[in-house]
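Some notes on the structure that comes next.
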Amino acid sequence: MAKKKTTEEFRVSGEDLLAKVKALIREGNIRKIIIKDKAGKELIVIPVTAGVVVAVLAPVLAAVGAIAALVTECTVVVEREVEEKKKR
């Protein structure tokens, strides 16, 4: 089966940013997480590979925490790979 990339966007407050990123990483089917400011400027791009433990991402999560302290509202863009069903 072919894999198809999909994206989802979430608007979150700065105080909820770190919790949202951790929850997305735990889901396991995420390929990339992009955090943007209110104006749409990319602040950080986090490539996420299958099987990565949150502890391995500790430095990245510390950076996300620092960003959360500086922004009041941001957008989290999530890129996923999903199995595309074959049509008969």
Check: Restricting the search to the stretch 55-88, which residues are modelled with pLDDT of 85 or more, under 12 Å from the mean Cα position of the chain (by Cα) and assigned to a helix (DSSP H, G or I)?
Finding: 64
Next item on the list: Sort out which residues of the stretch 21-37 are modelled with pLDDT under 90 and under 13 Å from residue 74 (Cα atoms), and write them in order of number.
Entry: 21
Margin query: If I ask for residues that are among the aliphatic types (A, V, I, L, M) and surrounded by 15 or more Cβ atoms within 10 Å (Cβ to Cβ), which ones from the stretch 9-43 would you list?
Written below: 12, 17, 18, 21, 24, 25, 30, 33, 34, 35, 43
Checklist line | Close pairs from the stretch 16-41: first under 29 Å from residue 83 (Cβ atoms) and of a type in the set (Asp, Glu), partner at pLDDT 90 or above and outside any loop (DSSP other than H, G, I, E, B), Cβ under 9 Å, at least 6 apart | finding: 27/78
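The values are calculated or read from the model by the stated rules, or taken from the named source; none is laboratory data. Not measured: the values here are computed from a predicted model. Using ideal geometry, Cβ is built from the backbone for each residue, glycine included, and neighbour counts are taken over all protein chains shown.
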